[in-house]
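In what follows, a single structure is set out as structure tokens and then discussed.
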Amino acid sequence: MQRTYKPIEIARALNLSTSALRHYESWGVVPAPERGANGYRLYTDIHLAYFRCLRTMFAGFGVAVTCEVLRHIQAGEMNAAFWLVNKEQALLQQDKQAADQTMELLRRLELPAVADTKKKQPISIGEAAAIAGVTTSALRHWEKEELLTPLRGSDNGYRLYTPLHIRQILIIRTLRSTVYLLRNLKDIVHAVEHQSVEQAVKLTETAIQGIHARIRNQFQGVHQLVELCRAVKLME
């Protein structure tokens, strides 16, 4: 006869609240437990494996992916669950490669000189794009993403760019293909623009450490996923 657990026993084992267990159950990612004569939930070792897997996978894969994986397991779709996990790990690998490329670029980055300093007056978006070798649509997009904040003409509201803006644009153009997340690009561009390449390197190092932590969390989650698959007899 399979052992049963009270909700409080599962909660204590996993450092959760009993309300969290009910919450996860309501998501449909854990099989509904049987009820005792008193109406209380009766969890089994299989429920414990589900909750442990859920708890462990959150850190490496996030809530949405973890829940989708566990729904596949409930449906007996182990291969679908594993391929979903594999996809997430491939994306993290791409992030790691891009972060490494960013670090390499920053270590040999030469700050562009303030372009066309003879132009004392702010210039139009078309002129700025031509000087920096980018498109006007790219400048508008970077402004929307808060990487650039051009001036505005007092009479017509048109965008105007100073030599300092041109240098920002050149930095963004250099880094955009390697910096893996927009929020990292914002921080790095800000640091570089303030003549602090060292700070930009530190930001990137911190981001890489975060990637290292996530891959460790992912493998811990995969271990618990395999244990769950064994518990529900999807694999030996």
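Every number in this text was worked out from the coordinates using simple rules, so none of it is lab data. The structure displayed is predicted, hence computed values, not measured ones. Glycine also receives a Cβ, built like all others from the backbone with ideal geometry; neighbour counts cover every protein chain displayed.
In what order do F82, F51, F219 fall by count of nearby beta-carbon atoms within 10 Å, going from fewest to most?
F219, F82, F51
Name the shape class, rounded, prolate or oblate, that the alpha-carbon gyration tensor gives for the chain, where a ≥ b ≥ c are the square roots of its eigenvalues, rounded holds for a/c under 1.5, and otherwise prolate holds if a/b is larger than b/c and oblate otherwise.
Taking the square roots of the gyration eigenvalues as a ≥ b ≥ c, the chain is prolate.
For Y5, which sequence-distant residues (separation of 5 or more, or a different chain) have an amide H within less than 5 Å of its own amide H, given hydrogens modelled in the peptide plane?
Those lying under 5 Å, H to H, from Y5 are Y43, T44.
Mind checking the full-extension length gain between D45 and F219? Use 0.36 nm per residue of separation minus the Cα-Cα distance, one decimal, nm.
60.4 nm
Would you mind calculating the gained length between Q101 and E34 on full extension (0.36 nm times residue separation, minus the Cα-Cα distance), in nm to one decimal?
In short, 18.9 nm is gained.
Please give the contour-minus-distance gain from L151 to H23: 0.36 nm per residue of separation, less the Cα-Cα distance, rounded to one decimal in nm.
So the chain would gain 41.1 nm between L151 and H23.
If you only keep lysine pairs separated by 8 or more in sequence, or across chains, how many in the chain come under 17 Å at the Cα atoms?
For the chain, qualifying lysine pairs total 4.
Tell me, what is the FRET efficiency for Q209 and V63 to the nearest 0.05, using R0 = 22 angstrom and their Cβ-Cβ distance as r?
With R0 = 22 Å, the Cβ-Cβ based efficiency is 0.45.
From the phi of every residue in the stretch 4-19, what ³J(HN,Hα) in whole Hz does the Karplus formula 6.51 cos²θ - 1.76 cosθ + 1.60 yield, where θ is phi - 60° and glycine or proline is x?
Working through the residues one at a time gives 10, 10, 6, x, 5, 5, 5, 4, 5, 5, 10, 6, 10, 8, 5, 5 Hz.
When the helices in the chain are scored as -39500 (n - 2.57) per DSSP H run of 4 or longer and the sum is shared across all residues, what 222 nm value do you end up with, to the nearest 500 deg cm²/dmol?
When only DSSP H runs of four or more count, the value is -22000 deg cm²/dmol.
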